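Novice: Before I ask anything, here is the structure I am working with.
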Amino acid sequence: MIGSRVSALSAALGRAGFALLACACLGTLAPSAAQAQIGAPIQIGPPPQTDATTTDPSLRDSQQAPVFGQPPVFSQPPADTQPVVPTFQQAPAAPQTRTTVDGSITIDPLARLTLDAVGTLTPATGGLPSDYWNGTPGEIALRLVSLLPAAPDSRVLRDLARRALLTAGPAPRDLTPEGALLLVRAERLLAMGAIDDLAALADRLPGDRVSPELTRPLTEAAFARGEDERACQLYGQLTETATDTFWIKVAAVCDALAGRDAKVDFSARLLSELGDEDELFAALVQAATTGQTGSPFRMGGAGPVHLALARISGLKIEPDVSEIESLPVLVALARGAGNVSFAQRLEAAEKAERAGALAAREVTDLYDEVSVSTGSVDAVIAAAEADPGPLSRAILWRVTETQTAPDARAQAIAKAMAMAEDDETWRQTVRLFAPFLVALDPGVDVDWFAEDAVRGLMAADQFRAARPWLERLRRVEGTGTGEASSAWLRLWATVRLAGGDPAVSFDDASVARWWEHLRSIDPQQATLRGSAALALMAALGDPVGSDAWRGLVSAPSVDIRGVPETAFAFAIRAAADSRRLGETVMLCVAAPGETPLGEIAIPALADMVRALVAVGLEPEARRLATEAALAHGL
């Protein structure tokens, strides 16, 4: 059984000092391959399919929200899409390019499909082109993937990172050792809270090719998903000595799962002797083995292993969500791990969604559980205003859901947008309320809401749904209504960025009219905002002439916003100029880190937009330009 070697050490405690014992027995912590497994056997390669159903998680219906402790569901690929499972065959270490005798035909060797080629996405299912690492050395690829931030401020950049990490295809040819790129991909997916994606990737792996290093992120993801037996099974399959204190903690959790309290306590004493300073884990072990006393655990700094021990041992926790940085833990709490209160689930869900680790639908599923009294919209809005926060947004979401009159629905959405505490929360609000915005038709009763509707739909990446509102604004503007004309001019630059020529034309008269309006409403910020808009337009290929820049200069001005390091700026340009797709994507995602877009200088953002266009990702570039424009107040 797992942990049996640890238990055998307890008999020696009376014969030798504990310090010597810890050093002597550390190498025995990992169970051998011959030990009994916990749970079902590990899956080798893709799961077998039955006649009518499939156990492959990537092929399940995407409409059902994940429930903690149950396998979640994933997007359904096209019917003719086969699982992305490469064939592992021996190939020449350094395949050579060949040419015909007359030199008219060049034959490139097929890239070897190694463990690093495993992925869950193809170009047909949302992935990048499979050769996206072409031209990038293995060492550079490893470094760039390891630099990816867990929670980039841009949804576009996070989506690009996710797609790149999950795309199946050959790794750089000089990459060594095999599996190194897969390992850093798994580690970044875990850090991003993409535990369902990581589980789907794990289902593609041959069980006998999973290294001890790769086992760690897979184990943490399994604990975060409530798959405790799966996590302990992974631990049980380790064939090398596990000397990391992490695995001692995993052994304690697995012993707790099996009801072996003495072994749990022994693991805690061993961790202490080894100098482990994880006070939270030590406190959880003490409570689990001696009975919980005192206040519930606040779980500050908890990781998936801490949460698993608390959950398995039935300990009472009241998480301080503001002190929890682990995105896998936040996702688990949002899905009900640890029987936390509804308010804490809701807070964790919103925090995870803001970081991109949780789908908006999972948050609104929680909103749906909130009961609202039948009364006037004004009364409910007043109650929500009295205590802004997750519960207030849930109440306004439920009120919006129950309204049938367009004006009442728009009123509730507008209030939710206005109550957002900051730009990040505003963007989250429009994502969560996007289904209502999309379903709301423009008309005379809601003309007052047109500008907010367009801005919200663009921020939620729903520009198609914004078109009827824009057409309505144009018609109203034609009647000479001053407010409609002002709203149109305020929106013009961002609409151009989001929609290009099909939305609005780019001509001297339109630019001049917009610029004059910008100067009239905010002379202090006109130059910064005007240059920001034109820089982003130029990055997308709009013909911004040199005279336009001279016309923007109105007063000495210095933009004190941050810029990525110089090396990033030049590396992005070089990668884009050489059309190195994977390298360009990784650099663009890594360069800003987790810095809010509104705090990054526009020239740096324009360079990223221009680079994405250069490597064939114009839709993503346009979305990034729109995000940047909104973040900079356009």
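The values are calculated or read from the model by the stated rules, or taken from the named source; none is laboratory data. All figures in this text were calculated on a predicted structure; none of them were measured in a lab. Please note: Cβ atoms are built from the backbone with ideal geometry, for glycine as well, and neighbour counts cover all protein chains shown. Please note that ligands, DNA and RNA were not included when accessible areas were found on the heavy atoms of the full protein model with its side chains. Shrake-Rupley method; radii C 1.70, N 1.55, O 1.52, S 1.80 Å.
Novice: Please list, or write none, the aspartates and glutamates whose alpha carbon is within less than 12 Å of the alpha carbon of Lys249, excluding same-chain residues fewer than 8 places away.
Specialist: Of all the aspartates and glutamates, those that pass the test against Lys249 - Cα under 12 Å, at least 8 places apart if same chain - are Glu220, Asp265, Asp276, Asp278.
Novice: I've got another one for you. Report the Cα centroid-to-centroid distance between the stretch 263-326 and the stretch 438-489 in angstrom, as an integer.
Specialist: After rounding, the separation between the Cα centres reads 52 Å.
Novice: Then there is this: Once every Cα of the stretch 415-479 carries one equal point scatterer and solvent is ignored, give the base-10 log of I(q)/I(0) from the Debye formula at q = 0.14, 0.19 Å⁻¹, two decimals.
Specialist: Rounded to two decimals, the profile gives -0.39, -0.68.
Novice: Ok, one more. I need to check one value: relative contact order of the stretch 562-611, counting alpha carbon pairs closer than 8 Å and at least 6 residues apart, in percent.
Specialist: 54
Novice: Here is a further query. Got a sec to turn the phi values of the stretch 167-180 into Karplus ³J(HN,Hα) couplings, 6.51 cos²θ - 1.76 cosθ + 1.60 with θ = phi - 60°, whole Hz, x for Gly and Pro?
Specialist: 6, 7, x, x, 7, x, 5, 8, 6, 9, x, 4, x, 5
Novice: Turning to a different aspect of this structure: Would you mind getting the Kirkwood hydrodynamic radius of the stretch 133-175 from its Cα pairs, rounded to one decimal in Å?
Specialist: Final number for the Kirkwood radius of the stretch 133-175 is 11.3 Å.
Novice: About its Cα centre, what dipole magnitude does the stretch 283-339 give when the only charges are +1 on Lys and Arg Cβ and -1 on Asp and Glu Cβ, stated in debye to the nearest 20?
Specialist: So the magnitude is around 200 debye.
Novice: Still on this model: May I ask for log10 I(q)/I(0) of the stretch 497-634 at q = 0.22 Å⁻¹, from a Debye sum over the Cα atoms as equal point scatterers with solvent left out?
Specialist: Rounded to two decimals, the profile gives -1.42.
Novice: Another question, then. With charges only on Cβ, +1 for K and R and -1 for D and E, what is the dipole size of the stretch 508-621 about its Cα centre, in debye, rounded to 20?
Specialist: Using Cβ point charges on Lys, Arg, Asp and Glu, the stretch 508-621 gives about 140 debye.
Novice: Work out from phi, with θ = phi - 60° and the Karplus expression 6.51 cos²θ - 1.76 cosθ + 1.60, the ³J(HN,Hα) of each residue of the stretch 347-358, listed in order in whole Hz, and give x for Gly and Pro.
Specialist: Values, residue by residue: 5, 5, 5, 5, 5, 5, 5, 4, 7, x, 7, 9 Hz.
Novice: May I ask you to rank Asp461, Asp508 by accessible area, largest first, using a 1.4 Å probe over the protein chains only? It would help to have the intermediate numbers written out before the result.
Specialist: On the way: Asp461 85, Asp508 135 Å².
Ranked from most to least accessible, the order is Asp508, Asp461.
Novice: Between the stretch 506-526 and the stretch 389-405, what is the C-alpha centre distance in whole Å?
Specialist: 37
Novice: Shifting gears a bit: Please label the shape of the stretch 559-634 as rounded, prolate or oblate, based on the square roots a ≥ b ≥ c of the eigenvalues of the alpha-carbon gyration tensor (a/c under 1.5 means rounded; beyond that, a/b larger than b/c means prolate, else oblate).
Specialist: oblate
Novice: For Ile600, what accessible surface area do you get with a 1.4 Å probe? Give it in Å², rounded to 10.
Specialist: 10
Novice: Give me D for the stretch 365-470 in µm² s⁻¹, whole number, from Stokes-Einstein with Rh from the Kirkwood sum over alpha-carbon pairs, 10 °C and 1.306 mPa s.
Specialist: For the chosen part, D equals 116 µm²/s.
Novice: Another question, then. Please compute the alpha carbon radius of gyration of the stretch 443-482, then divide it by the globular-protein estimate 2.2 N^0.38 Å. Two decimals is fine.
Specialist: Expressed relative to 2.2 N^0.38 Å, the Cα Rg reads 1.14.
Novice: For the stretch 219-224, take each phi angle, set θ = phi - 60°, evaluate the Karplus expression 6.51 cos²θ - 1.76 cosθ + 1.60, and give the result in whole Hz per residue in order, putting x for glycine and proline.
Specialist: Rounded to whole hertz, the list is 5, 5, 5, 5, 4, 5.
Novice: No solvent, one uniform scatterer per C-alpha: report log10 I(q)/I(0) for the stretch 461-526 via the Debye equation at q = 0.15 1/Å, two decimals.
Specialist: -0.49
Novice: Thinking of the stretch 220-300 as a set of Cα atoms, what percent of all their pairs are more than 18 Å apart? Working shown, then result.
Specialist: On the way: 1466 of 3240 pairs.
Taking all Cα-Cα pairs of the stretch 220-300, the fraction more than 18 Å apart is 45 percent.
Novice: If the viscosity is 1.306 mPa s and the temperature 10 °C, what Stokes-Einstein diffusion coefficient in µm²/s follows for the stretch 396-534 when Rh is the Kirkwood radius over Cα pairs?
Specialist: Numbers: Rh = 15.8 Å.
My calculation gives 101 µm²/s for D.
Novice: Further, regarding this structure: Report, please, the projected area of the stretch 133-214 averaged over directions, based on the convex hull of its C-alpha atoms, in nm². Don't skip to the end; give the middle numbers.
Specialist: Working: hull surface 21.9 nm².
So the Cα hull casts an average projection of 5.5 nm².
Novice: In straight Cα distance, which aspartates and glutamates are under 17 Å from Lys263, not counting same-chain residues fewer than 8 positions off?
Specialist: Cross-link targets: Asp255, Glu273.
Novice: What list of whole percents do you get for P(r) of the stretch 320-397, with Cα-Cα distances grouped in 10 Å bins up to the one holding the largest distance?
Specialist: Going out from 0 Å in 10 Å bins, the stretch 320-397 shows 19, 49, 25, 7, 0 percent.
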